[in-house]
Amino acid sequence: MRADGRVDLDVRAVLTTDDGARIALAATGVSVAREDEPIADLRENISLFTATEAYAWVTRHQIWGVGTMDFSTGRIHIDAYLQSGAAG
């Protein structure tokens, strides 16, 4: 944690879909704790990778995550937003 309360995030995970496909997740971003609250605001840049043809579309998109972490409960909530349409 930096002196200003910011934490640089580097997250790696493997997601398994209901049908058994595996999708690798890589995310970088920042976490900033709120003053006088047990909550940190999260901002992430998310990429997904898979070799499973049915989910290959996820590798072509940029995803942004916005959320919070509640230190009192250990709960993390992130809303993810997908860039859609043609890049211009």
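Only one of the listed residues (33, 13) is of a type outside the set (S, T, N, Q), surrounded by fewer than 12 Cβ atoms within 10 Å (Cβ to Cβ) and out of contact with any helix residue (DSSP H, G or I) (no Cβ under 7 Å at 6 or more places or on another chain). That residue is 13. Once the range 16-30 is narrowed to residues that are surrounded by 12 or more Cβ atoms within 10 Å (Cβ to Cβ) and of a type outside the set (Val, Ile, Thr), the residue that is farthest from residue 76 (Cα to Cα) is 21. Scanning the range 36-55 for residues that are surrounded by 13 or more Cβ atoms within 10 Å (Cβ to Cβ) and charged (D, E, K, R) returns 41, 43, 44. Tell me, please, whether a residue that is touching a His at 6+ places or on another chain (Cβ under 6 Å) and either modelled with pLDDT under 95 or part of a loop (DSSP other than H, G, I, E, B) (or both) can be found in the range 27-49. Among the residues of the range 27-49, not one is touching a His at 6+ places or on another chain (Cβ under 6 Å) and either modelled with pLDDT under 95 or part of a loop (DSSP other than H, G, I, E, B) (or both), which makes the answer no. The residue pairs whose first member lies in the range 30-57 and is within 18 Å of residue 2 (Cα to Cα), whose second member is small (Gly, Ala, Ser) and loosely packed, with under 11 Cβ neighbours inside 10 Å, and whose beta carbons are closer than 8 Å, counting only pairs six or more residues apart or on different chains, are 38/72.
Scanning the range 1-26 for residues that are within 22 Å of residue 82 (Cβ to Cβ) and part of a loop (DSSP other than H, G, I, E, B) yields 17, 18, 19, 21. Per the listing 77, 61, the residue uniquely at pLDDT below 95, on the phi < 0 side of the Ramachandran plot and not aliphatic (A, V, I, L, M) is 61.
The values are calculated or read from the model by the stated rules, or taken from the named source; none is laboratory data. What you see is a predicted model; the values in this text were computed from it and never measured. Note: ideal-geometry Cβ built from the backbone for every residue, glycine included; neighbour counts use all protein chains shown.
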